[in-house]
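Step one of this worksheet: look at the structure below.
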Amino acid sequence: MKVSARMEKLPPYLFLELDRIIEQQQAKGHDVINLGIGDPDQPTPEHIVNALKEAAARPANHRYPNYLGSPELRQAISYWYDTRFGVSLEPLAETVGLIGSKEGIAHLTWAMAGPGDVVIIPDPCYPVYFTQALLAGAEVYHLPLKPENNFLPNLGSIPDEVLRRATMLWVNYPNNPTGAIAPRDFYEDAVKLCRRHDILLCSDIAYAEIGFEGYHAPSALEIPHAKDIAIEFYSLSKPFNMTGWRIAAAVGNRLAVNALGTLKSNLDSGVFTAVQDSAVAALNSDPLSFFAQQNRLYETRRDIVMTSLKQIGIKIPAPLSTFYIWFPTPTGMSSSQASQYFVQEAKVVVAPGSSYGDWGEGWLRISLTCDTKRLEEAMARIQAAYQRLK
Ligand SMILES: *Cc1c(COP(=O)(O)O)cnc(C)c1O
């Protein structure tokens, strides 16, 4: 049997070696704390779970779903964009339901890029942006995110030759893995650049509802004329503690939304309608107070990690959004050496920055989606492991 040559384009999976070491430690009976994965530890709100129970019992929901998302889901996402961002969307023409935004991000790439095209991605980034571009046979242009530029890319640095062939530009703020945020004028510049060069601006706002100290992230679609050139991914996963449910939407430019919908209707059959009904209940439930409560929890955890890093001597600004802390490795250690060191010496898993791109080398990511007491314990162990390095 022979797998497709295309598969060889996938970069080696960096967590593999780490997984092996974690298993080794657990086999020896060690209590390993995982701060590697970003997956909310708190439950989905009860009224959403109840909406699913009711919706699951309705026979009409047992049949194939509407492939592009139910009219009710697309109405609810439009209502939410209007309420939250002041952005008006035509539900049927400018929104499409997704089996989580990961699915939509992957398939949009297949709809928009192929051999001869360039996909411009931030580096480090959510790996799906580049793995799918490579599989689709497109070229990838890496835009470094550097601390001295607050982890915003320098859009002016992209060569004309790349801009000519580019079909997509990915931006992701609030940012995974760096925790950085983008000011409104960054989106203005991105919209201007993409309009000038006829590039689809792809905005991933998976963390838009997470904010500390009163911060509320904007949508790229708030910029005038953004819909001429931009599509945005809004996911229920992170804000509503619904990663397991697989529900999100892509909204904005109708040509791109339509291309994504057409591709999808040829390869999947949509999301279980009962899950779509639950998403409608979530979006229509006036969720701001739930977000605020959730954000207080993440902020408490953020402060625990920041205090601990400060005691170690690591000076970084506290992020205003996301549930990630992005910080440099101990002097002289690569990302992968450092994460292996912390598993071995502290029995704590932190994600190696290099798995998000070459510009993530020399960095580590801690996720705050871990029980608060366990997080405190993990940071105490990390601090002790730093002491042993001296
Ligand atoms: C978690 C995450 C996603 C995926 O979200 P789903 O809707 O659960 O597929 C997309 N983009 C970024 C940047 C993420 O961190």
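When the surface is traced with a 1.4 Å probe over the full set of protein chains, S285 keeps roughly 40 Å² accessible.
The order of the peptides 364-370, 328-334 by mean Cβ neighbours within 10 Å, most packed first, is 364-370, 328-334. Under the convention that each Lys and Arg Cβ holds +1 and each Asp and Glu Cβ holds -1, the size of the dipole of the stretch 46-283 around its Cα centre is about 460 debye. Bridging of K28 to lysines at a Cα separation below 24 Å is possible for K347, K373, once same-chain residues fewer than 8 apart are set aside.
Using just its DSSP H runs of length 4 or more, each adding -39500 (n - 2.57), the chain gives a mean residue ellipticity at 222 nm of -13000 deg cm²/dmol after division by all residues. The order of the peptides 233-244, 84-95 by mean Cβ neighbours within 10 Å, most packed first, is 233-244, 84-95. The mean sequence separation of alpha-carbon pairs under 8 Å and at least six residues apart, normalised by the residue count of the chain, gives a relative contact order of 25 percent. Ignoring aspartates and glutamates fewer than eight residues from K102 along the same chain, the ones with Cα atoms less than 13 angstrom from its Cα are D204, E232. Within a straight-line Cα-Cα reach of under 20 Å, K315 can be paired with the following lysines, leaving aside sequence neighbours fewer than 8 residues apart in one chain: K146, K390. Against the criterion of solvent-accessible heavy-atom surface with a 1.4 angstrom probe, E188, E148 sort, most first, into E148, E188. Quick check: the distance between the Cα centres of the stretch 371-388 and the stretch 205-255, to the nearest angstrom? Going from one Cα centre to the other spans 33 Å.
In loop segments of the stretch 3-73 as defined by DSSP, the trypsin sites (Lys or Arg not before Pro) with at most 12 further C-beta atoms inside 10 Å of their C-beta are K28, R63.
Counting only protein heavy atoms and a 1.4 Å probe, tell me what percentage of the chain's accessible area is made up of carbon and sulfur.
Its accessible area is 53 percent carbon and sulfur atoms.
Sorting the segments 300-307, 313-320 by their mean number of nearby beta carbons within 10 angstrom, highest to lowest, gives 300-307, 313-320. Any idea how far the Cα center of the stretch 326-343 sits from the one of the stretch 54-106, in Å? What the calculation gives is 41 Å, centre to centre. Positive end of the dipole of the chain (Cβ unit charges, origin at the Cα centre): among V350, M168, Y67, the Cα lying farthest that way belongs to V350.
Rounded to the nearest 20, the Cβ-based charge dipole of the stretch 1-72 about its Cα centre (Lys and Arg +1, Asp and Glu -1) stands at 480 debye.
The values are calculated or read from the model by the stated rules, or taken from the named source; none is laboratory data. These figures come from a predicted structure and were not determined experimentally. All Cβ positions, glycine included, derive from the backbone under ideal geometry; neighbour counts span all protein chains shown. Keep in mind that these areas ignore ligands, DNA and RNA; they rest on the heavy atoms of the full protein, side chains included. Shrake-Rupley method; radii C 1.70, N 1.55, O 1.52, S 1.80 Å.
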